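The values are calculated or read from the model by the stated rules, or taken from the named source; none is laboratory data. None of the values given here were measured: they were computed from a predicted structure. No Cβ is skipped: glycine too gets one built from the backbone with ideal geometry, and neighbour counts run over all protein chains shown. The accessibility values were calculated without ligands, DNA or RNA, using every heavy atom of the protein model including side chains. Shrake-Rupley method; radii C 1.70, N 1.55, O 1.52, S 1.80 Å.
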Amino acid sequence: MSNLAILPIIIPLLAGILLAFFPKKLRLVRLLAKLITILNLAVVTYIFSYVRQNGSLVLETGAWEAPFGIIIVADLLAVTLVLTTNIIAVAAAFYAPKSLSDQQEAFYFYAFFFLLISGVSGAFLTGDLFNLFVFFEVLLMASYALIVLGGGKAQLRESIKYLLLNLFSSMLFVTAISFVYSVVGTVNMAQIAERVKDVDQQGILTTVAVLLFFVFATKAAVFPLYYWLPNSYSVPNPVVSALFGALLTKVGIYSILRVFTLIFTHDQGMTHNLFLWLAGLTMIFGVIGALSTNNVKLIIAYNIIPAVGFMLMGIGIFTETALSGTVYYLVHDMVIKGALFLLIGALVYLAGTSDLRKMGGLIHHYPLLGWLFFLASLVLAGIPPFSGFIGKLLLLQGSLAEEEITIVIVALLSSLLILFSMIRIFIGAFWGEKDESFPVDKRAAKAFTGPIAGLLALSVILGVGAEWFYPAIQSIAEYLMAPELYIDSVLKE
Amino acid sequence: MEIIMSIVAGLLFTTGVYNLLQKQLLRIAIGTALISHGAHLFILTMGGLKGGAPPILVEGIEHYTDPLPQALILTSIVISFGVTSFLLVLAYRASEANGTDNIEQLRGNDYE
């Protein structure tokens, strides 16, 4: 049964290789891409239900025993995130044909799309620190190709910066791993977690922990390392932005969550307090950015940043309630950011500009899209009963229980400003006089609406049906608070 | 020996960061290459330098070299080779499309 754990990595990998052979046969490639994403979603759903009932799946690749070989650990947290990733993938596969030009699609979009999914799933599933680096590189390589797809002037310019920054942080990641190896003599996460307790000099561990945090924070766009994100995420095609916004920063947050609940819990006064400070600053600077521009793509890209702050806040508080808030928010944010980027892509395509001041009156032409955007704004800002509210409620409950009042005030204020930045788009783009001469493209709007409505429906269900999802989320949080469970499941003691 | 290697890795990092902070794209590419060399040297050093023994662990053999850093360094070299070559092509295309290889002039504005 444990072989199941590798399927979410293998299926997209093989699909990516397969689709690289005949990129020009667009109809076949599109059909195959849709079928494979759905197949993969079905497989992952099965793995999810299996893990929910029977506990973690641990695969020792090549039958090398746990501390020696590379291991794949499909625990409930990893599987939940892989499941959400695959839901986004299905939506993206259905949205892509309309959003991309035929030429862009023929330039291996689907091949890199599947390699990206494979890398993201691998990063969630691996139980080995060096292997995490390798999967980071797999997903980054695919993302370099996707960000530059189309080869526009601005895209080339921004992808250079994106690549340089990620290359630098990857090299720091390798350096941090070699530090870990010299201190504890292993790169298996479970064994590291077991051995850090016996290290004499805790100071070196804190240094390594902060270095690793720096690496993950660069990927996750935490203050002050978020400066690269808005421009890089707003220049590529909307469907690529949606994949990046929904998945890539979340891989960074997941890595922080994993490493700082499993391995580096020795000096919480230092590390977890640092997280709280940075979480607050991330929220503040993120919303300031979102309010600073009239480019709708940039507004949405900036809105990723405060969400990262919220998730980091839960890790900083480090109680069961706060962690369940973080996990809930992680799932919620993946879905809603995917939906929002797709919505903005549709908006920019239909309005023909990304400048908010030049839009207006779109609700007369596209009422459904307008109301979907309004709904997405409410979900993002955390208006009850939608999913953003449940995540924030758990996070705020956790903080209040620990009497961290400042961060609660910052979080609430930034939520308000997020709503303001979203409503600005709604008023600017959808309200206003009806422009009779506006060229209306109902067919395109219809093609865009399907995937967006699907993701938003899921988001609403996540919020309204919180009672059904909460037990799973809570058991993940309990599991994260007890690292022995992870260690035992891997090392089988 | 470990101390010398650490100093060499540190020097590579220093020169790499210096080059990374330059304005010309080619220098920046060289800077990233130097940093990755530094990081690779670091992996090898952190595993502990022992020469003159095979990386095999069999019962009865007490003196052996740790094979893991060598596996890690190989993987990392391959990855940084791929990324660096991609970076060079990208830098070439970007400087052609934008008409400059000066990173200061590759800023752009909000609405394009």
For the structure I just gave you, tell me whether residue B:87 is touching a Ser or Thr at 6+ places or on another chain (Cβ under 9 Å) and more than 27 Å from residue A:180 (Cα to Cα).
yes
For the range A:50-76, which residues satisfy the criterion of being open to solvent by 50 Å² or more (accessible area, probe 1.4 Å) and among the small types (Gly, Ala, Ser)?
A:62, A:63
Scanning the range A:135-170 for residues that are at the interface with chain B (Cβ under 7 Å from one of its Cβ atoms) and of a type in the set (Lys, Arg), the one surrounded by the most Cβ atoms within 10 Å (Cβ to Cβ) turns out to be A:157
Report the residue count in the range A:262-303 for those that are among the aromatic types (Phe, Trp, Tyr), open to solvent by 10 Å² or more (accessible area, probe 1.4 Å) and over 20 Å from the mean Cα position of the chain (by Cα).
1
Would you tally the residues in the range B:1-20 being exposed (fewer than 14 other Cβ atoms within 10 Å of the Cβ) and under 16 Å from the mean Cα position of the chain (by Cα)?
5
Tabulated pairs, the range B:42-68, first under 26 Å from residue A:170 (Cβ atoms), second among the charged types (D, E, K, R) and open to solvent by 60 Å² or more (accessible area, probe 1.4 Å), C-beta under 6 angstrom, 6+ apart or interchain:
B:45/B:2; B:49/B:2
Which listed residue, of B:41, B:34, B:49, is of a type in the set (A, V, I, L, M), more than 20 Å from residue A:181 (Cα to Cα) and under 23 Å from the mean Cα position of the chain (by Cα):
B:34
Could you say whether any residue in the range A:428-437 is under 23 Å from residue A:298 (Cβ atoms) and not in a helix (DSSP H, G or I)?
yes
Expected output for the range A:306-319 (first residue open to solvent by 10 Å² or more (accessible area, probe 1.4 Å), partner polar (S, T, N, Q), Cβ below 6 Å, 6+ apart or cross-chain) is A:317/A:399
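Regarding residue B:75, is this residue open to solvent by 40 Å² or more (accessible area, probe 1.4 Å) and either at pLDDT 95 or above or not polar (S, T, N, Q) (or both)?
On the way: open to solvent by 40 Å² or more (accessible area, probe 1.4 Å): yes; either at pLDDT 95 or above or not polar (S, T, N, Q) (or both): no.
No.
Filtering the range A:208-231 down to residues that are assigned to a helix (DSSP H, G or I) and among the small types (Gly, Ala, Ser), which residue is farthest from the chain's Cα centre (by Cα)?
A:209
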Yes or no: the range A:443-451 includes at least one residue that is assigned to a helix (DSSP H, G or I) and open to solvent by 50 Å² or more (accessible area, probe 1.4 Å).
yes
Counting just the residues of the range B:56-112 that are acidic (Asp, Glu) and farther than 28 Å from residue A:185 by Cα, which one comes out farthest from the other protein chains (Cβ to nearest Cβ)?
B:104
Of the numbered conditions (1) away from every other protein chain (no Cβ under 14 Å); (2) in contact with a helix residue (DSSP H, G or I) (Cβ under 8 Å, 6 or more places away or on another chain), residue A:184 fails exactly one; give the number of that condition.
(1)
Among the candidates B:49, B:41, residue that is aliphatic (A, V, I, L, M), closer than 22 Å to residue B:1 by Cα and more than 11 Å from chain A (Cβ to nearest Cβ)
B:49
Going by what's in this entry, would residue A:83 be described as open to solvent by 10 Å² or more (accessible area, probe 1.4 Å), modelled with pLDDT of 95 or more, more than 14 Å from chain B (Cβ to nearest Cβ) and within 20 Å of the chain's Cα centre (by Cα)?
yes
Would you be able to say whether some residue in the range A:327-348 is within 14 Å of chain B (Cβ to nearest Cβ), within 20 Å of residue A:232 (Cβ to Cβ) and among the β-branched types (Val, Ile, Thr)?
yes
Restricting attention to the range A:171-205, which residues are surrounded by fewer than 17 Cβ atoms within 10 Å (Cβ to Cβ), part of a loop (DSSP other than H, G, I, E, B) and not basic (Lys, Arg)?
A:185, A:198, A:199, A:200, A:201
Within the range A:389-411, can one find any residue that is open to solvent by 20 Å² or more (accessible area, probe 1.4 Å), closer than 17 Å to residue A:425 by Cβ and part of a helix (DSSP H, G or I)?
no
Against the condition at pLDDT below 90, surrounded by 17 or more Cβ atoms within 10 Å (Cβ to Cβ) and of a type in the set (Val, Ile, Thr), how does residue A:249 come out, does it pass?
no
The residue that is most open to solvent (accessible area, probe 1.4 Å), considering only those in the range A:93-108 that are of a type outside the set (A, V, I, L, M) and touching a Pro at 6+ places or on another chain (Cβ under 8 Å), is A:107
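Of the residues B:30, B:35, which is in a helix (DSSP H, G or I) and within 10 Å of chain A (Cβ to nearest Cβ)?
B:35
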